[in-house]
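Visitor: A single structure is presented below for examination.
The values are calculated or read from the model by the stated rules, or taken from the named source; none is laboratory data. Note that the coordinates shown come from a computational prediction; the quantities given were computed from them, not determined experimentally. Cβ coordinates were reconstructed from backbone atoms using ideal geometry, including for glycine residues, and neighbour counts include every protein chain displayed.
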2 protein chains.
Amino acid sequence: MKKALSIGQYLLDQLYRHGVRHIFGVPGDYVLGFYRLIEESPIRHVGTTREDGAGFAADGYARIKGLGAACVTYCVGGLNLTNPTAGAYAEKSPVIIISGAPDVKGRERHPLLHHLVRDFRTQQDVFAQLTVASTALEDPLTAYHEIDRVLHAVERYKRPGYIELPRDMVDVAHAHEHQDRTLEELTDERALEECLAEAAAMLDRSRRPVILAGEEIHRFGLQDALVELVDKTHCPVATTILGKSVISEVHPLYLGVYGGATGRPGVRRAVESADCLLMLGCFMSDINLGVYTARLDPARTIYATSEKTSIRWHYFENVPFRRFFQGLLATRLRPRRKPPVPQPKAPKAARARDGARITTATLFPILNAYLTDDTVVVSDVGDCLFGALDLTIHRRTEFLAPAYYSSMGFGVPAAIGAQLANPSLRPLVLVGDGAFAMTGLELSTAARLGLNPIVVVLNNHGYTTERQIMDGPFNDILNWDFTKVVDLLGTGQAFSVHTVGEMRRALEAALANRDSFSLIEVSLDPYDMSPTLRRLGAELGKRAAGKTG
Amino acid sequence: MKKALSIGQYLLDQLYRHGVRHIFGVPGDYVLGFYRLIEESPIRHVGTTREDGAGFAADGYARIKGLGAACVTYCVGGLNLTNPTAGAYAEKSPVIIISGAPDVKGRERHPLLHHLVRDFRTQQDVFAQLTVASTALEDPLTAYHEIDRVLHAVERYKRPGYIELPRDMVDVAHAHEHQDRTLEELTDERALEECLAEAAAMLDRSRRPVILAGEEIHRFGLQDALVELVDKTHCPVATTILGKSVISEVHPLYLGVYGGATGRPGVRRAVESADCLLMLGCFMSDINLGVYTARLDPARTIYATSEKTSIRWHYFENVPFRRFFQGLLATRLRPRRKPPVPQPKAPKAARARDGARITTATLFPILNAYLTDDTVVVSDVGDCLFGALDLTIHRRTEFLAPAYYSSMGFGVPAAIGAQLANPSLRPLVLVGDGAFAMTGLELSTAARLGLNPIVVVLNNHGYTTERQIMDGPFNDILNWDFTKVVDLLGTGQAFSVHTVGEMRRALEAALANRDSFSLIEVSLDPYDMSPTLRRLGAELGKRAAGKTG
């Protein structure tokens, strides 16, 4: 029996034990008591300008550190977190959402409390749709256990969890026992054995096997194991769009990012012509599949994720992802020679003249030339993401993007979370003008904390991705003078870039400025775009017009 | 049988019939087909920078025009509307939320579509919690009828409704019949008769009756009826905080805004000492009740709303609000003389010297002096709201504020909706620095549309309301140079104000500038605040510390 911590203290204690050192949020009266506890704890509170900024920051933090947390007030705060929480759910980012709530005691007497929507269950019912586990700590008898349950589910499934903490429960203490739960999943040993034997036989028979790696490699911490598997099997390895950078992109067997017809033709050929495709931790979303232009033959596929394991057309129950991975590493496989892998060529930035007008095609090679081991690339949604797929990430998991859920506004706040999670990283944020208008002023928080992200705003004067699908006046937006953000916030460095030479010089100046954020506005033609977007837009356009399913 | 309009056309047709001339939103691929239809319709699409801006704008629009609409894409768009929708629900603002969605046809084949959270029901399940009626138009057989049902419920209950429109249903046409539904509610005529007789007897017996009017007077369009009732009965009339401006505040029998201990002492005395209190369309939320400092004796109270009708301690079923109101107007009441009503004195702005440092106490009288018949005051949450309660609104329903749900960020976007709803109005927006950081850049939309709101930013360097409850470093925010917003957006006029004289001159210049928005930053001490906030903060502080229920 431990000393009885209060419910609020216990929650902070458990978050700390799970590695959380920062909690993001905006204060509000229903949560101030818990904020006071945060101030007294070794965890630091990071105030953001908006709640969704806190949610994206916690998501970025979780992707680097393994767990993130956002803490806000009831409804007016919590409901602003629904979209970032949904994104974390869709893309498997383990984030704990903590919301204050009205006192449990007063609820019967005073049914019309401010911030209330319909009844006292409303917010919890909403978050039940968006999280893997949710609870309202309304009873001290079960509160401690409920905290354990939600944290365990978040850790186990790498999805967000929701904890509602009524104001009058924060300081309530009750005797409780904490038992660490095992994360071991139920395993059918015979099924695992059969599955591994079949996979090994397929690999041994194959002449051109390829590994396709997805985001679960990162979520379940299997990056080292993946390198070991690649080095052992000498299989060339590609990643999905969402899995970009789960392996260092300078690894000699790295093929590139696979995305069906929207990706590079060489990578596509290698993946689709493989006679054995080992898909590890990939989810076959429309984006990952290049809007269903991917041609992956199940007859040649071994598919393993935390949710499903299959070979060809048959499935295995209770074959956990980690165990399958470990088993494969321990299985003796036919030795094979290291195949020649065409290294993804970083396009030559040097070719573009200094005086040439900057375009998406010349921008990304320049960025690529300046990436270092310390860069974490954080991309928002839009053409910045499609262009960014061609960047060569040096180390692993240093490319963050909401590539499946695709919520605009992720970039700037997620970069704040990423840099706090690992202060040795320097974020390079890629964001369009539309998305910057949504959450870019979260640079206010970077300014307060003295963080130094480099934010590249690809200003193509509107919603360029949608222009490709269906053009109309609704895709136009007001042209901001983005460089004035530094005047508004009273700090930072800004550059407006029209040519290749200006871009190089701005990037060098930004890299040299370690004391504040830097913002580089890149002026692009509204119809300039990356080849990937051109292909993807054409596909989505057909769908928007109802021509395909 | 009408000519078969497509589902999308029918939805626009019905919105137009209900008075909607503008739809607010941000485009996205699942909704582009419907956006194309909006462009072809007589309804204008108004692009906002963020979805929540669209939600608040639609709310402001609805409060002026009787119905508002926001239209966004699936999940990444829709979920950013949860908070404004919840606010509209809590405060009874009739807003239609329209969301695009993936094709119905492709759902079985392609379960992992971008923007998807958990399954295809997730977003609808979320909005079912936040709306009075919701539907997904997945079947042409029922789609037309479902549109009618949701619109009817929104009109009937003055709460938001949710319509999900899958991409491949927009252009589908099916034979349909439209029948206008009656908004007449079930009435128990005998109960109504008894209720009216008892109310009339109570009024006739009373010597100092008072009417307390709430926001439902506005929502159900009973403003003229209220004036008629006041003029007929010669009852002095106060409003709740949320009901502020349901009657012109220059009416000779107007007492002021009632808010328990947080309101003006004179109004409190008049309301609480009334020997018959006729409460019409008021909801007794904590804010309206001055955080439960109100002392309203049920023994002397007649209470009528759209949800409940009671006299003293007994209730009446099926006595609709409108019928009760009409009945009261038709009932013969004992004539009484016009009582002397102390007119709410607009504090003398003239008293403050030009060189005096501006404070909340001197700011509001200055603003008051410049209010005209054309001003609509739109207040955000925080001390700007508490200060604004003392303004004298000339005409009715020209004070908009989220005074119960209290979501920060309402002000600037709602003002855009209000001005589009009635272009003869000029919005005066009152907003704190914290709330401006959340949604103030929605001025981008005002700039694009050439609207001319005057935005007064009360810069008290942080979350002043919360400082009153529990102070801590989490209430501090970065100090922006708000005047630089005009440089960022490339248009508008800005003023930074430190003294009374500067404030007067800035306001005069802003009023003279009809071509763009004007922004006036008022520099206030972090601990300067209105007397109302001082009283309210003290009450909430006790609660946050858990001393009261």
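Visitor: Of all the helices (runs of 4 or more DSSP H) wholly in the range B:390-494, which have at least 3 residues that are small (Gly, Ala, Ser)?
Guide: Ranges flagged: B:411-421, B:433-439, B:443-449.
Visitor: Does A:Ala197 satisfy the criteria of being over 30 Å from A:Phe34 (Cα atoms), touching a Phe, Trp or Tyr at 6+ places or on another chain (Cβ under 6 Å), among the aliphatic types (A, V, I, L, M) and at pLDDT 95 or above?
Guide: Here the answer is no, as A:Ala197 does not meet what is asked.
Visitor: A follow-up question, please. When A:Arg107 is evaluated against the numbered criteria (1) modelled with pLDDT under 95; (2) within 23 Å of A:Asp168 (Cα to Cα); (3) buried (at least 24 other Cβ atoms within 10 Å of the Cβ), which criterion, by number, is the only one it fails?
Guide: (3)
Visitor: How many residues, within the range A:101-138, are more than 10 Å from chain B (Cβ to nearest Cβ), outside any loop (DSSP other than H, G, I, E, B) and touching a residue at least 60 places away in the same chain (Cβ under 8 Å)?
Guide: So the answer is 1.
Visitor: How many of the residues in the range B:489-503 are crowded, with 20+ Cβ neighbours inside 10 Å and facing chain A (nearest Cβ under 9 Å)?
Guide: Here the count works out to 1.
Visitor: Scanning the range B:56-74 for residues that are among the hydrophobic types (A, V, I, L, M, F, W, C) and within 21 Å of B:Leu37 (Cβ to Cβ), which turns out surrounded by the fewest Cβ atoms within 10 Å (Cβ to Cβ)?
Guide: Of everything passing the filter in the range B:56-74, B:Leu67 is surrounded by the fewest Cβ atoms within 10 Å (Cβ to Cβ).
Visitor: How many of the residues making up the range B:87-100 are more than 25 Å from the chain's Cα centre (by Cα) and closer than 30 Å to A:Phe120 by Cβ?
Guide: 0
Visitor: Of all residues in the range B:378-389, which are outside any helix (DSSP H, G or I) and either surrounded by 24 or more Cβ atoms within 10 Å (Cβ to Cβ) or within 13 Å of chain A (Cβ to nearest Cβ) (or both)?
Guide: Scanning the range B:378-389 gives B:Val378, B:Ser379, B:Asp380, B:Val381, B:Gly382.
Visitor: Which pairs have Cβ atoms under 7 Å, sit 6 or more apart or on different chains, and link a residue in the range B:27-48 that is at the interface with another protein chain (Cβ under 7 Å from one of its Cβ atoms) and under 15 Å from B:Ile97 (Cα atoms) to one that is surrounded by fewer than 24 Cβ atoms within 10 Å (Cβ to Cβ) and of a type in the set (D, E, K, R)?
Guide: B:His45/B:Glu39
Visitor: Another question, if that's okay. Among the strands (runs of 3 or more DSSP E) lying completely within the range B:182-294, list those that include at least 2 residues that are buried (at least 16 other Cβ atoms within 10 Å of the Cβ) and over 23 Å from the mean Cα position of the chain (by Cα).
Guide: Correct list: B:209-213, B:276-280.
Visitor: Between a residue in the range A:72-85 that is more than 11 Å from A:Gly28 (Cβ to Cβ) and more than 7 Å from chain B (Cβ to nearest Cβ) and any residue that is outside any loop (DSSP other than H, G, I, E, B) and among the aromatic types (Phe, Trp, Tyr), which pairs come within a Cβ distance under 6 Å, given they are 6 or more apart or on different chains?
Guide: Here the result reads A:Pro84/A:Phe56, each pair linking the range A:72-85 to a residue that is outside any loop (DSSP other than H, G, I, E, B) and among the aromatic types (Phe, Trp, Tyr).
Visitor: Test of understanding: among A:Ala69, A:Ala153, which residue is away from every other protein chain (no Cβ under 14 Å), assigned to a helix (DSSP H, G or I) and not charged (D, E, K, R)?
Guide: Going through A:Ala69, A:Ala153 in turn, the sole match is A:Ala153.
Visitor: Name every residue in the range A:449-482 that is more than 30 Å from B:Glu40 (Cβ to Cβ), surrounded by 19 or more Cβ atoms within 10 Å (Cβ to Cβ) and within 9 Å of another protein chain (Cβ to nearest Cβ), in order of residue number.
Guide: Result: A:Phe482, single match.
Visitor: Go through A:Ser444, A:Ser424 for me and flag whichever is within 26 Å of A:Arg44 (Cα to Cα), of a type in the set (Ser, Thr, Tyr) and away from chain B (no Cβ under 12 Å).
Guide: A:Ser424
For every residue, the table says whether it meets (1) touching a helix residue (DSSP H, G or I) at 6+ places or on another chain (Cβ under 9 Å); (2) of a type in the set (Phe, Trp, Tyr); (3) part of a helix (DSSP H, G or I); (4) buried (at least 24 other Cβ atoms within 10 Å of the Cβ).
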{"residue": "B:Tyr10", "(1), (2), (3), (4)": "yes, yes, yes, no"}
{"residue": "B:Gln14", "(1), (2), (3), (4)": "yes, no, yes, no"}
{"residue": "B:Gly19", "(1), (2), (3), (4)": "yes, no, no, no"}
{"residue": "B:Ile23", "(1), (2), (3), (4)": "yes, no, no, yes"}
{"residue": "B:Pro27", "(1), (2), (3), (4)": "yes, no, no, yes"}
{"residue": "B:Val31", "(1), (2), (3), (4)": "yes, no, yes, yes"}
{"residue": "B:Tyr35", "(1), (2), (3), (4)": "yes, yes, yes, yes"}
